[in-house]
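A short write-up of the structure that comes next.
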């Protein structure tokens, strides 16, 4: 089985529209929370003036992507950065050996809302064919292949909030199994629409205090963010042959499942515990060897309790010794993109030797008693990093990255 390395990253996020800006914000504990009107008064003019979320600010889509739904724009921009960062010369590469695994948790929600309103106001209005080319969650992969003239295998995973990590694992598997030499993998998401916010409110998962505080005693839910995270994955042999710089190596990865409820996890179950134990087994390591744990950490009461309890069951007393954090406290919950952006966060932390903070963690919940790096980043040499994703519907995933 081929070993897989990461040679390029691209990020579009509420705390930076490229990897350099994103890195500076992670180190400084910058929080991307802002008023939707302040961030983009034209785009969010129909929202309440005091609506708080984690929107992008100052993002300019690539010229060729302006007609596309925002989730695809974000993925295209992040792909462009990741390809440049990897220095992968596409004129030299066999385009039938480049795979793509880029997804979204829901697809084109802005497109859906716009045309739904249009049809309500004018039932006889014609709907352009490009509506469907913006609507589906697999379309970002198609646009990436079309723009860069790629003809390799494509796999699209949809797993709610775990979509980004699922997509990356699908890309890794393509290379491990010899289907591709390299792969563009990750996810983009654009969920700041009235429909989606109304749904999250009805579920009771949005913060009424308009503050995301993972593992804090006062936490009451999350706030939505947008953006994309894209990785360039390559077989180790392929990367060495072209003398590529590598962020890290994939040591192990795993899927899990805990289907007790559509939007929550049963604290009495052991789905994530089994997932993490299998990750340790596949990685051939002890928990104490992990230097950084990027948590899912959404700031909901039950979700943070569940994740903490499962990690302690899987890792035992070693769980208390592993520096951890939830970077959703800075980016907001980027939904389908979050898992991909958090893998990139782990790679940046490993490269630069620091633990990103959990912002807003001022009064730690005694039940959520891991080392969650409150408020400020800290220096730390990282050789092994682990990132965890949980998704509505019971999807679980984890990845172990090696420097």
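Would you tally the residues in segment 20-32 being touching a residue at least 24 places away in the same chain (Cβ under 8 Å), surrounded by fewer than 22 Cβ atoms within 10 Å (Cβ to Cβ) and either in contact with a strand residue (DSSP E or B) (Cβ under 6 Å, 6 or more places away or on another chain) or assigned to a helix (DSSP H, G or I) (or both)? Total meeting the criteria: 3.
Among the numbered conditions (1) buried (at least 24 other Cβ atoms within 10 Å of the Cβ); (2) not in a strand (DSSP E or B), tell me where residue 37 comes up short. With (1) buried (at least 24 other Cβ atoms within 10 Å of the Cβ); (2) not in a strand (DSSP E or B) applied to residue 37, the lone miss is (1).
Each row is one residue, and each column tells you yes or no for (1) in the same structural domain as residue 373 (by TED's automatic domain parsing); (2) buried (at least 22 other Cβ atoms within 10 Å of the Cβ); (3) free of Cβ contacts under 8 Å to residues at least 40 places away in the same chain.
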| residue | (1), (2), (3) |
| --- | --- |
| 168 | no, yes, no |
| 179 | no, no, no |
| 201 | no, no, yes |
| 209 | no, no, yes |
| 217 | no, no, no |
| 228 | no, yes, no |
| 232 | no, yes, no |
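Scanning segment 89-104 for residues that are modelled with pLDDT of 95 or more and touching a strand residue (DSSP E or B) at 6+ places or on another chain (Cβ under 8 Å) yields 97, 98, 99, 100, 101, 102, 103, 104. Of the helices (runs of 4 or more DSSP H) that lie entirely inside segment 295-403, those containing 2 or more residues that are surrounded by fewer than 24 Cβ atoms within 10 Å (Cβ to Cβ) and touching a strand residue (DSSP E or B) at 6+ places or on another chain (Cβ under 9 Å) span 301-315, 338-352. For segment 269-281, the criterion of being in contact (Cβ under 8 Å) with a residue 12 or more places away in the chain and within 23 Å of residue 217 (Cα to Cα) is met by at least one residue.
The values are calculated or read from the model by the stated rules, or taken from the named source; none is laboratory data. None of the values given here were measured: they were computed from a predicted structure. Methodologically, a virtual Cβ is constructed for each residue, glycine included, from the backbone with ideal geometry; neighbour enumeration extends over all protein chains shown.
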